[in-house]
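This report concerns only the one structure given below.
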Amino acid sequence: MVKSGTDRLNKYTAKIVGDVVKNRIDAQKDFMTANASPHFDALSFAETKVGEYCDPLGITPLQKPYYMSFIRKCYMLKNKHTDVTLHDEVCIAAVAWGARGLNLFHLATLVKSIYTVDIFDCTA
């Protein structure tokens, strides 16, 4: 049977009551924190590596956050894809960030050193 719009609205309204949402989050908070913690550590490690790479090369402090953003994108891609698909997706991301003004050689070097994905073939 098809639910009416009123029934759907009532169910949605009941779901978004502050106490209900708070209870759901409170019940899952420990699980959520445990799942997020390793990712936070991995991202912190990757961003530290980007800083260690960029600082000696004299990459401007204004550009460094964008290199970090590219590495975070690669982290997300690495968690979703493997092998050829990962390579191709990272290539697409590198070309996009290169079009925004970042150096493709630096992007390829960073992703190779941090995530061992060799994209020099698509950034040359």
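Assorted remarks:
- Considered as a group, the residues in the range 93-124 that are surrounded by 14 or more Cβ atoms within 10 Å (Cβ to Cβ) and β-branched (Val, Ile, Thr) include one that is nearest to GLY58 (Cα to Cα), and that residue is THR109.
- Residues of the range 1-24 satisfying the condition of being loosely packed, with under 10 Cβ neighbours inside 10 Å and aliphatic (A, V, I, L, M): MET1, VAL2, ALA14, ILE16
- Screening the range 90-121 for residues that are assigned to a loop (DSSP other than H, G, I, E, B) and not hydrophobic (A, V, I, L, M, F, W, C) and picking the one that is nearest to SER44 (Cα to Cα) gives THR116.
- Matching entry among VAL50, VAL84, VAL90 (being surrounded by 17 or more Cβ atoms within 10 Å (Cβ to Cβ), of a type in the set (Val, Ile, Thr) and closer than 18 Å to ASP121 by Cα): VAL90
- Helices (runs of 4 or more DSSP H) contained in the range 1-88 and holding at least 2 residues touching a residue at least 60 places away in the same chain (Cβ under 8 Å) and under 15 Å from THR116 (Cα atoms): 18-57
Bear in mind that the values in this text are calculations on the coordinates, not laboratory data. Predicted model, so just to flag it, every value in this text is computed and none were measured. Positions of Cβ are generated from backbone atoms using ideal geometry, with glycine treated the same way; all protein chains shown enter the neighbour counts.
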